[in-house]
Amino acid sequence: MISLLISFAIWGIISGTCMAAGVKHGSIAYGILGFILSQVVISLVTRRKFKAINNEMQEALGAGQKKIQHKIHQFQSKPGGNPRLIQKQLEADQQALFRQALDFIPKFEAYKKWNILMGKQISTMRLQFLYQLKEFDQVDEIFKQNFMSSPVLSDPLLVAMKMARQYAGKDIAGAEKTFKRHIRWFRDDRGALLYGLMSWILVKEKKTDEARDLLAKAKDKMYNEIINRNWEMLSNNRAKSFSNAGFGDPWYSLYLENPPAPKQQRVRMNAKGQQRPF
């Protein structure tokens with residue numbers, strides 16, 4: 001990394017200068033101090049530039065999401081539309097938005113050489129956008145990258161994405177291993193989605209007893225209505241009623257199940273023949 005080379009060079013210059021000037025004590029310490037200060041300065045400058053690009057990207061994403069929400073509101077308030085057609089239009093808008101976000105990645109790439117951990121941050125962003133675009137071949141490659149370039153799985157949804165890809169690849173043992181490795185870091189109900197996903201996988205694998213036991217452990221650690229309901233369903237031999245739909249967008253963003261189509265308001269006619277929503 002260029003930043004490390006510059007800092008080591010500053011260390012060497014300062015230490016060498018002190019020795020040449022006849023400084024008997026502290027020449028190495030001064031060099032180390034120069035190394036640390038140069039790293040701090042480079043990190044601050046890089047972070048500021050990274051943040052500026054990130055803010056620009058977030059503004060673009062926010063504006064796009066507002067347009068999509070406006071379309072959803074229009075559809076729900078006006079009768080007569082085709083729900084399936086509207087769903088396809090909304091999905092196309094989402095896809096275009098994620099591709100727009102991917103266009104920002106090269107701007108971040110320029111700063112990888114200045115920060116040793118920048119590659120991990122960039123991989124994390126790219127992973128999220130590619131996953132939503134269903135570019136799963138590229139997603140799987142990102143998960144296989146080495147430590148310096150692998151994504152940071154600090155969010156439950158990112159861990160769930162890895163588990164979902166392992167399940168899709170029929171690597172059930174791998175999904176369970178990923179779950180056990182990361183679930184310990186999510187306190188209270190932050191791990192609810194992971195418990196919901198792992199139990200869903202077990203149900204799909206006809207391991208309902210194991211799924212029920214896992215949900216029982218989750219119940220002891222948190223209060224979550226979805227976890228509680230699914231535990232009740234499995235406890236009463238109603239595996240077909242098991243559902244993670246209550247997790248909403250985070251669950252459907254894993255693309256393991258299809259979300260319901262947006263619903264329109266029902267309308268009725270008043271005495272003047274005007275349409276009124278129920």
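The values are calculated or read from the model by the stated rules, or taken from the named source; none is laboratory data. None of these values were measured; they are calculated from a predicted model. Here Cβ is always computed from backbone atoms with ideal geometry, including for glycine, and neighbour counts include all displayed protein chains.
The rows are residues; the columns are (1) in contact with a Leu (Cβ under 9 Å, 6 or more places away or on another chain); (2) assigned to a loop (DSSP other than H, G, I, E, B); (3) crowded, with 17+ Cβ neighbours inside 10 Å.
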position: Q121; (1), (2), (3): no, no, yes
position: R126; (1), (2), (3): yes, no, yes
position: Q138; (1), (2), (3): yes, no, no
position: F147; (1), (2), (3): no, yes, no
position: M161; (1), (2), (3): yes, no, yes
position: T178; (1), (2), (3): yes, no, yes
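Just a yes or no: is a residue in segment 181-200 at pLDDT 95 or above, surrounded by 14 or more Cβ atoms within 10 Å (Cβ to Cβ), not hydrophobic (A, V, I, L, M, F, W, C) and not in a helix (DSSP H, G or I)?
No, segment 181-200 contains no residue that is at pLDDT 95 or above, surrounded by 14 or more Cβ atoms within 10 Å (Cβ to Cβ), not hydrophobic (A, V, I, L, M, F, W, C) and not in a helix (DSSP H, G or I).
I'd like the full set of residues that are charged (D, E, K, R) and either closer than 17 Å to D188 by Cα or in contact with a helix residue (DSSP H, G or I) (Cβ under 7 Å, 6 or more places away or on another chain) (or both), limited to segment 220-240.
Our first condition is that a residue be charged (D, E, K, R); within segment 220-240, this holds for 220-221, 225, 229, 232, 238, 240.
Within segment 220-240, D220, K221, E225 qualify.
Looking only at residues in segment 81-103 that are small (G, A, S) and exposed (fewer than 15 other Cβ atoms within 10 Å of the Cβ), which one is modelled with the lowest pLDDT?
Let us first name the residues in segment 81-103 that are small (G, A, S), namely 81, 92, 96, 101.
In the following step, the residues that additionally are exposed (fewer than 15 other Cβ atoms within 10 Å of the Cβ) were identified as 81, 92, 96.
Numbers: G81: 66, A92: 88, A96: 91.
Among those residues, the one meeting the criterion is G81.
Just the residues that are under 30 Å from N146 (Cβ atoms), in contact (Cβ under 8 Å) with a residue 24 or more places away in the chain and outside any helix (DSSP H, G or I), please, taken from segment 79-116.
Result: F104, Y111, N115, I116.
What is the one condition in (1) assigned to a helix (DSSP H, G or I); (2) over 17 Å from the mean Cα position of the chain (by Cα) that K170 does not satisfy?
Tallying (1) assigned to a helix (DSSP H, G or I); (2) over 17 Å from the mean Cα position of the chain (by Cα), K170 fails exactly one: (1).
Based on what the data block shows, is L97 in contact with a Gly (Cβ under 9 Å, 6 or more places away or on another chain), among the hydrophobic types (A, V, I, L, M, F, W, C) and under 30 Å from R47 (Cα atoms)?
Criteria met by L97.
For P106, indicate whether it is closer than 23 Å to Q94 by Cβ and buried (at least 19 other Cβ atoms within 10 Å of the Cβ).
No, not satisfied.
Working only within segment 216-240, note down all residues that are farther than 11 Å from G196 by Cβ, under 26 Å from the mean Cα position of the chain (by Cα) and either of a type in the set (K, R) or crowded, with 16+ Cβ neighbours inside 10 Å (or both).
K217, K219, K221, M222
Take segment 53-76 and flag every residue that is over 15 Å from D103 (Cα atoms) and aliphatic (A, V, I, L, M). Explain how you work it out, then say what you get.
Quick first cut of segment 53-76, residues over 15 Å from D103 (Cα atoms) only: 62-63, 65-76.
Within segment 53-76, A63, I68, I72 qualify.
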